[in-house]
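Accompanying notes for the structure given below.
The values are calculated or read from the model by the stated rules, or taken from the named source; none is laboratory data. This one's a predicted model, so the numbers in the text were calculated from it and none came from an experiment. Cβ sites come from the backbone with ideal geometry, for glycine too, and all protein chains shown count toward neighbours. Side chains included, ligands, DNA and RNA excluded: accessible areas come from the protein's heavy atoms. Shrake-Rupley method; radii C 1.70, N 1.55, O 1.52, S 1.80 Å.
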Amino acid sequence: MEAVTRFASRPAAGCLIDSHCHLDAPELAGDVDGVVARAQAAGVGQLLVPAVTAGNFDAVLAMRQRYGCWIAFGLHPIYLSQHLDDHLALLDAALAAHAPVAVGEIGLDFYLPELDPMRQEALLVEQLKLARKHGLPAVLHVRRSVDRVLKHLREQKVEGGIAHAFNGSEQQAQAFIRQGFKLGFGGAMTYSGSRRIRALAATLPLDSLVLETDAPDIRPEYAQDVPNEPAQLARFITVLAELRGMDVSTLRDALHGNTLAALGLA
């Protein structure tokens, strides 16, 4: 196995960047060095690890300390039951103390009926305020909630970031683009039946796209029985190049620049 080296804080031009990867997830525990080594061998020069609860802020920090990856702090809507009143203050302090590249993963999830939508929205608004306070982009979870998320982005005047695992309409995609957001595409576009996602990946403006894995989740069609990994980006970019009818090298350069721009690092 190729040795693991620390990711460069400013990744080399043209390398692949995984804009959303839960490197600290339980499914990857015990082989994180292997996951990172395989990613680096596949040409991945950097990845973003977003937190999902206050309880995993330290785990995300440990990923940066060991591997040099980018990190983000946020309170994910799916873990609503774990977020306590004082966790917003903890988030505020973490954003001030640890220099993450974004606030995330935050957003709304209206797919799971047990998640109180009003509490989700209140939490999102406060986190968008923190993004504005700290001058950071937002990494957004947007599941069956695109219009409500866009409403809050406009009201809170948050510009910039990534709409992770985008699965909305073309009109909604254009609304995110107008707000200064890039749109994340990954494993879902490898499914031949994902016609809307594949059409968006093929036709949206090139400068609006970033690549992601959401590892260990959103497994690709060709590897549904194993956890997703950032090394899959090498195959994802080939799929995207085929969908767009362009060469991989040109696409890689564009996506690299788009990711830096989305995170305010260009």
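From the list Gly55, Gly45, which one is of a type in the set (Gly, Ala, Ser), modelled with pLDDT of 95 or more and under 18 Å from the mean Cα position of the chain (by Cα)?
Gly45
Here are Tyr111, Tyr79: which of them is in a helix (DSSP H, G or I) and either more than 18 Å from the chain's Cα centre (by Cα) or among the hydroxyl-bearing types (Ser, Thr, Tyr) (or both)?
Tyr79
With Leu80, Leu47 as the choices, which residue is open to solvent by less than 20 Å² (accessible area, probe 1.4 Å), farther than 27 Å from Val226 by Cβ and not aromatic (Phe, Trp, Tyr)?
Step by step, each of Leu80, Leu47 is checked, and only Leu80 is open to solvent by less than 20 Å² (accessible area, probe 1.4 Å), farther than 27 Å from Val226 by Cβ and not aromatic (Phe, Trp, Tyr).
Can you name the residue in segment 139-154 that is in contact with a helix residue (DSSP H, G or I) (Cβ under 8 Å, 6 or more places away or on another chain) and part of a helix (DSSP H, G or I) and, of all such residues, is surrounded by the most Cβ atoms within 10 Å (Cβ to Cβ)?
Among those residues, the one meeting the criterion is Val149.
Quick check: is even one residue across segment 116-124 within 19 Å of the chain's Cα centre (by Cα), within 28 Å of Asp58 (Cα to Cα) and of a type in the set (Lys, Arg)?
Scanning segment 116-124 turns up no residue that is within 19 Å of the chain's Cα centre (by Cα), within 28 Å of Asp58 (Cα to Cα) and of a type in the set (Lys, Arg).
Residue check, Ser81 against (1) under 16 Å from Asn56 (Cα atoms); (2) in contact with a helix residue (DSSP H, G or I) (Cβ under 9 Å, 6 or more places away or on another chain); (3) polar (S, T, N, Q), all met but one. Which one?
(2) is the only condition that Ser81 fails.
Give the residues of segment 1-26 that are out of contact with any helix residue (DSSP H, G or I) (no Cβ under 9 Å at 6 or more places or on another chain) and within 20 Å of Leu75 (Cα to Cα), sorted by residue number.
Hits for segment 1-26 are His20, Ala25, Pro26.
So Ala266 clears everything in (1) open to solvent by 30 Å² or more (accessible area, probe 1.4 Å); (2) at pLDDT 95 or above; (3) over 21 Å from Ala175 (Cα atoms) except one condition, right? Which one?
Ala266 satisfies every listed condition except (2).
Is it true that some residue in segment 17-26 is under 16 Å from the mean Cα position of the chain (by Cα) and closer than 13 Å to Leu260 by Cβ?
yes
Restricting to segment 114-138, count the residues that are in contact with a helix residue (DSSP H, G or I) (Cβ under 9 Å, 6 or more places away or on another chain), open to solvent by less than 80 Å² (accessible area, probe 1.4 Å) and outside any helix (DSSP H, G or I).
Counting residues in segment 114-138 that are in contact with a helix residue (DSSP H, G or I) (Cβ under 9 Å, 6 or more places away or on another chain), open to solvent by less than 80 Å² (accessible area, probe 1.4 Å) and outside any helix (DSSP H, G or I) gives 5.
Of these, Gln232, Gln174, which one is at pLDDT 95 or above, in a helix (DSSP H, G or I) and surrounded by fewer than 23 Cβ atoms within 10 Å (Cβ to Cβ)?
From the options Gln232, Gln174, the qualifying one is Gln174.
State the number of residues belonging to segment 196-221 that are part of a helix (DSSP H, G or I) and either more than 18 Å from the chain's Cα centre (by Cα) or at pLDDT below 95 (or both).
Total satisfying the criteria: 6.
Pairs under 8 Å by beta carbon, first residue within 22 Å of Gly186 (Cβ to Cβ) in segment 149-167, partner part of a strand (DSSP E or B) and of a type in the set (Asp, Glu), six or more apart or different chains?
Hits for this filter: His164/Glu105.
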